[in-house]
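A short write-up of the structure that comes next.
The values are calculated or read from the model by the stated rules, or taken from the named source; none is laboratory data. From a predicted model like this one, the values you see are computed outputs, not experimental measurements. So basically every Cβ, Gly included, is an ideal-geometry build from the backbone, and we count neighbours across all protein chains shown. Keep in mind that these areas ignore ligands, DNA and RNA; they rest on the heavy atoms of the full protein, side chains included. Shrake-Rupley method; radii C 1.70, N 1.55, O 1.52, S 1.80 Å.
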Amino acid sequence: MEQGTGDLLNKLINVKGESQLDSYIDSIKETCPQDFKTYITAIMEREGIDKATLPKIASLERTYVYQLLNGKKTHPGKDKVVLMALALRMSVKETQRALDIAGAATLYPKNPRDSILIYALSKRLSIASTNALLVERGEKELE
């Protein structure tokens, strides 16, 4: 199980020297994916979703998803990450991590559109239901 950021911060603060720092860095490289491809692939495996299925269920172009999964594209936009998160039934926390790794803005609870997306993720809503909620509240659909 992945350690929380607070636990990792405490561990890092208590590092006694450079050799322990190197060991810490090696451990996070092994346990905390630093690239989008690795992170999303691990979740796909957990959910039993293959690379041919993800574009269909996430309403994304096949070539775009393949480029992400092959590492040719490394920074998908916020909506693309959220579409994949909804399709893969990711938690809010997992989605925030995916957005962070992708270099996209994380979901912000003070933003109305982001609030709807957080709600949809927490309730495990479908993409269609999420888009309906967005439109009903005057927000732009996921694209």
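Some values worked out for this structure:
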{"quantity": "In the stretch 12-61, residue farthest from Gln96 (Cα to Cα) [restricted to those that are acidic (Asp, Glu) and more than 16 Å from the chain's Cα centre (by Cα)]", "calculated": "Glu18"}
{"quantity": "Condition check for Lys37: more than 19 Å from Leu142 (Cβ to Cβ), open to solvent by 20 Å² or more (accessible area, probe 1.4 Å), not aromatic (Phe, Trp, Tyr) and not in a helix (DSSP H, G or I)", "calculated": "no"}
{"quantity": "Qualifying residue in the stretch 51-58 (condition: open to solvent by less than 40 Å² (accessible area, probe 1.4 Å), β-branched (Val, Ile, Thr) and assigned to a helix (DSSP H, G or I))", "calculated": "no"}
{"quantity": "Ser91 under 21 Å from Asp50 (Cα atoms), within 10 Å of the chain's Cα centre (by Cα) and either surrounded by fewer than 21 Cβ atoms within 10 Å (Cβ to Cβ) or among the charged types (D, E, K, R) (or both)", "calculated": "yes"}
{"quantity": "Matching residues, the stretch 5-24, being surrounded by 12 or more Cβ atoms within 10 Å (Cβ to Cβ) and among the hydrophobic types (A, V, I, L, M, F, W, C)", "calculated": "Leu8, Leu12, Val15, Leu21"}
{"quantity": "Residue tally, condition part of a helix (DSSP H, G or I) and open to solvent by 40 Å² or more (accessible area, probe 1.4 Å), over the stretch 95-114", "calculated": "4"}
{"quantity": "Matching residues in the stretch 59-78 - criterion: being of a type outside the set (Val, Ile, Thr), surrounded by 15 or more Cβ atoms within 10 Å (Cβ to Cβ), in contact (Cβ under 8 Å) with a residue 12 or more places away in the chain and closer than 22 Å to Leu107 by Cα", "calculated": "Ser59, Leu60, Leu68, Pro76, Lys78"}
{"quantity": "Any hit, the stretch 66-78, residues being of a type in the set (Phe, Trp, Tyr) and under 18 Å from Leu121 (Cβ atoms)", "calculated": "no"}
{"quantity": "Close pairs (9 angstrom Cβ cut-off, 6 or more residues apart or separate chains): modelled with pLDDT under 95 in the stretch 114-143, in a helix (DSSP H, G or I) anywhere", "calculated": "Glu143/Asp79; Glu143/Lys80; Glu143/Leu83"}
{"quantity": "Residue check for Arg113: over 22 Å from Glu136 (Cβ atoms) and either of a type outside the set (Ser, Thr, Tyr) or touching a Phe, Trp or Tyr at 6+ places or on another chain (Cβ under 9 Å) (or both)", "calculated": "no"}
